[in-house]
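These notes concern the structure reproduced below.
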Amino acid sequence: MYIHFIRSQALSALKKLQPALPRDNLIPQLSGIHLEADAERKEVTATARSTALAARISFPSEVEEAGSAVINGTLLCQLMEKFSGDDVDIQTFPTENAVLRSGRATFTLATLPPASYPQPVFQDPYVTITITNFPQLVGRTSFALMQNSSEKPAYGCIRLNVANSHAIVTTTDLEGLTQVAVPVTTENFSAKESPMFLIPSYAARYISSVLDAKEALTIGITDHELIFFAHGLRASCPACKAEFLDPSMILRRIKPCYSALVEREAFCNALHSLTVSAKDPRATVDLGLTDDSLTLKCADLFSRTSTNITATAARPTPRVFYYREDILEKAVQTLQGSVIRVGIDQDGALLLRTKEQLYLQMPRTRAFIPSAADVKKKGSPKPSQAKRTGAKRKAA
């Protein structure tokens, strides 16, 4: 293989492949990027993959000699960034080496046999949808993903289903649930059908890292894989077939009895002001509604804080309910809009709504936090010691 190309074009393409490379080197072939030079199409197709994720992209090239090679992906990307020349030559030799030249610099890298590289197969999907602002959707919903989903893999995925020309994106950790609805373009299915995609979090993070903010992404599904297309980039990952709860059924059961309107910025600042040691996930925030305010209280073993937010159109709660503080703060940060509608049902389920997003969190049982009255003064005798002291005095 002997190719000549513009460095900036190749660097832009290879940077989109680099996040798909595995971080370990358990399988040496997967640490490399597979380059295939096509003399007729005058381009080079680069492929990178891990055990579960595969990505492929092409860039223009002058092909002096067609062929293929597998070059260490990390080193290849680093060299492309450090080369000072505008053009780059790559030439491979039968001795399993590749020589890279740019300007006055020349580097020789070892290559791996292309025949041993596990080439991905990108099948044609039978259903596709086109969506924009995918990175923003991932950022607004990934906080509610289950962190350890090995036993329940579906809840480590972003659920995306189509209804009424809108894509409804849902994530849940079975304690809280968030949902966003955005317009979408659909193909290859009738209006009666409702395709549903479970996008693994690692694939969602990869696609988000290589897409521009408003770049269109086409997502398709085959019998076994999810396929992603975006401006020359093609990626795939195994399709998740596990069971996922029905969000619409859960939301239909929530009937808020107590509600209010609060400013999102004030709500976010109030949660941020609550002092919780290292944002302990066990910490709870006490939340209650009065006629004109939303009251927030938070306590852990080291501190106690409380604050109020001005609320309008309020229907007060008869008592406070307890919620997970750290996830509630992240949820309010991701909600878009100036005003949040707060709703609480009689069992304490908290529902936050804006124009295009909602967040639902089930109440918690508050962990015991010792009050000042519960803490004995320093140096005071323990009850057992006091009893023994009294018995000695009586005997005397």
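Could you tell me which numbered condition Ser102 fails, if it satisfies all but one of (1) at pLDDT below 90; (2) closer than 24 Å to Ile6 by Cβ?
(1)
Could you tell me whether region 89-100 includes any residue that is within 29 Å of Glu225 (Cβ to Cβ), out of contact with any helix residue (DSSP H, G or I) (no Cβ under 6 Å at 6 or more places or on another chain) and of a type outside the set (Ser, Thr, Tyr)?
Taking every residue of region 89-100 in turn, none turns out to be within 29 Å of Glu225 (Cβ to Cβ), out of contact with any helix residue (DSSP H, G or I) (no Cβ under 6 Å at 6 or more places or on another chain) and of a type outside the set (Ser, Thr, Tyr).
Are there any pairs with C-beta distances below 7 angstrom linking a residue in region 248-276 that is under 21 Å from Gln336 (Cα atoms) and in contact (Cβ under 8 Å) with a residue 12 or more places away in the chain to a residue that is among the hydrophobic types (A, V, I, L, M, F, W, C) and assigned to a helix (DSSP H, G or I), with the two at least 6 apart or on different chains, and if so which?
Close Cβ pairs satisfying both conditions: Arg264/Val332; Phe267/Val332; Cys268/Val332; Leu271/Leu328; Leu271/Val332.
Among the residues that make up region 254-273, is at least one of them in contact with a Phe, Trp or Tyr (Cβ under 9 Å, 6 or more places away or on another chain), surrounded by 19 or more Cβ atoms within 10 Å (Cβ to Cβ) and modelled with pLDDT under 95? Talk me through it step by step, then tell me what you get.
Going residue by residue through region 254-273, those that are in contact with a Phe, Trp or Tyr (Cβ under 9 Å, 6 or more places away or on another chain) are none.
Checked region 254-273: no residue is in contact with a Phe, Trp or Tyr (Cβ under 9 Å, 6 or more places away or on another chain), surrounded by 19 or more Cβ atoms within 10 Å (Cβ to Cβ) and modelled with pLDDT under 95.
So is Thr51 closer than 22 Å to Ala239 by Cβ and in contact with a Lys or Arg (Cβ under 6 Å, 6 or more places away or on another chain) or not? Even if it seems obvious, please write down each step before you answer.
On the way: closer than 22 Å to Ala239 by Cβ: yes; in contact with a Lys or Arg (Cβ under 6 Å, 6 or more places away or on another chain): no.
No: the conditions fail for Thr51.
Just to be sure before I move on: is Leu30 under 24 Å from Arg101 (Cα atoms), crowded, with 18+ Cβ neighbours inside 10 Å and in contact (Cβ under 8 Å) with a residue 12 or more places away in the chain in the structure I sent?
Values: under 24 Å from Arg101 (Cα atoms): no; crowded, with 18+ Cβ neighbours inside 10 Å: yes; in contact (Cβ under 8 Å) with a residue 12 or more places away in the chain: yes.
Criteria not met by Leu30.
Would you confirm, using the coordinates I've provided, whether Leu198 is touching a Phe, Trp or Tyr at 6+ places or on another chain (Cβ under 9 Å), aliphatic (A, V, I, L, M) and assigned to a strand (DSSP E or B)?
Here the answer is yes, as Leu198 does meet what is asked.
Can you find, within region 138-154, the residue that is nearest to Ser209 (Cα to Cα) among those that are buried (at least 17 other Cβ atoms within 10 Å of the Cβ) and under 12 Å from the mean Cα position of the chain (by Cα)?
It comes out as Val138.
Evaluate region 14-29: report whether one residue or more is out of contact with any helix residue (DSSP H, G or I) (no Cβ under 7 Å at 6 or more places or on another chain) and over 29 Å from Ala239 (Cβ atoms).
no
Does Gly139 meet the test of being out of contact with any strand residue (DSSP E or B) (no Cβ under 6 Å at 6 or more places or on another chain) and either modelled with pLDDT of 90 or more or not polar (S, T, N, Q) (or both)?
Working: out of contact with any strand residue (DSSP E or B) (no Cβ under 6 Å at 6 or more places or on another chain): yes; either modelled with pLDDT of 90 or more or not polar (S, T, N, Q) (or both): yes.
The answer is yes for Gly139.
The values are calculated or read from the model by the stated rules, or taken from the named source; none is laboratory data. What you are looking at is a predicted structure, and each value in this text was computed from that prediction instead of being measured. Positions of Cβ are generated from backbone atoms using ideal geometry, with glycine treated the same way; all protein chains shown enter the neighbour counts.
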